[in-house]
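The values are calculated or read from the model by the stated rules, or taken from the named source; none is laboratory data. These figures come from a predicted structure and were not determined experimentally. When we count neighbours, we look across all protein chains shown, and the Cβ atoms used for this are built from the backbone with ideal geometry, even at glycine.
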């Protein structure tokens, strides 16, 4: 009687070759459906992160302007959002850190800040993946005036 129970359990342990092959085929089908949709998404995510950073920096610049009645100069740069700048225009009412730190874009490059800008009070740009002005596709610039 004990031997019959042992054989019964032994028969049900493990997977058959057909079951293993079926799982491998299912995983292969899922991979062929999912992987092509995921390729290229990392660059889209970086572009979205850069656009989000640019909006946050622009908000901090707006708060700086409210306190000091002007945007920082190009020479003062985005560092004026982290520590009180010297030079002109004077930041008499600088009261806080407007940003904890000046971020870099998702590709590790500094954001470009120009004041006054060609497109308004200031230009705020990430040069994209290639780190150079201009470009197309993944190398395209991300400009605050275009968001």
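If you check 28, 40 for being exposed (fewer than 12 other Cβ atoms within 10 Å of the Cβ), closer than 25 Å to residue 104 by Cβ and modelled with pLDDT under 85, only one passes: 40. Scanning segment 107-131 for residues that are modelled with pLDDT of 85 or more and over 18 Å from the mean Cα position of the chain (by Cα) yields 113, 114, 115, 116, 117, 118, 120, 121, 122, 123. Of the residues 79, 58, only one is within 21 Å of the chain's Cα centre (by Cα), over 16 Å from residue 120 (Cα atoms), at pLDDT 90 or above and part of a helix (DSSP H, G or I); which? Just one listed residue meets the conditions, 79. Quick test of your reading of the structure: residue 92 fulfils all but one of (1) surrounded by fewer than 15 Cβ atoms within 10 Å (Cβ to Cβ); (2) out of contact with any strand residue (DSSP E or B) (no Cβ under 8 Å at 6 or more places or on another chain); (3) closer than 18 Å to residue 143 by Cβ. Name the failing condition by number. For residue 92, the exception is condition (3). Has segment 96-105 got at least one residue that is within 14 Å of the chain's Cα centre (by Cα), in a loop (DSSP other than H, G, I, E, B) and closer than 15 Å to residue 55 by Cα? Checked segment 96-105: at least one residue is within 14 Å of the chain's Cα centre (by Cα), in a loop (DSSP other than H, G, I, E, B) and closer than 15 Å to residue 55 by Cα.
The set of residues from segment 122-147 being assigned to a loop (DSSP other than H, G, I, E, B) and either on the phi > 0 side of the Ramachandran plot or surrounded by 14 or more Cβ atoms within 10 Å (Cβ to Cβ) (or both) comprises 122, 127, 128, 129, 130, 131, 134, 135, 140, 141. Name the single residue that is nearest to residue 43 (Cα to Cα) among those in segment 105-121 being exposed (fewer than 14 other Cβ atoms within 10 Å of the Cβ) and out of contact with any helix residue (DSSP H, G or I) (no Cβ under 9 Å at 6 or more places or on another chain). By that ranking, first place goes to 108. List pairs: first residue in segment 81-94 and over 11 Å from residue 71 (Cα atoms), second residue at pLDDT below 90 and surrounded by fewer than 15 Cβ atoms within 10 Å (Cβ to Cβ) anywhere in the structure, Cβ distance under 6 angstrom, at least six positions apart or on different chains. Note: pairs meeting the criteria are 82/97.
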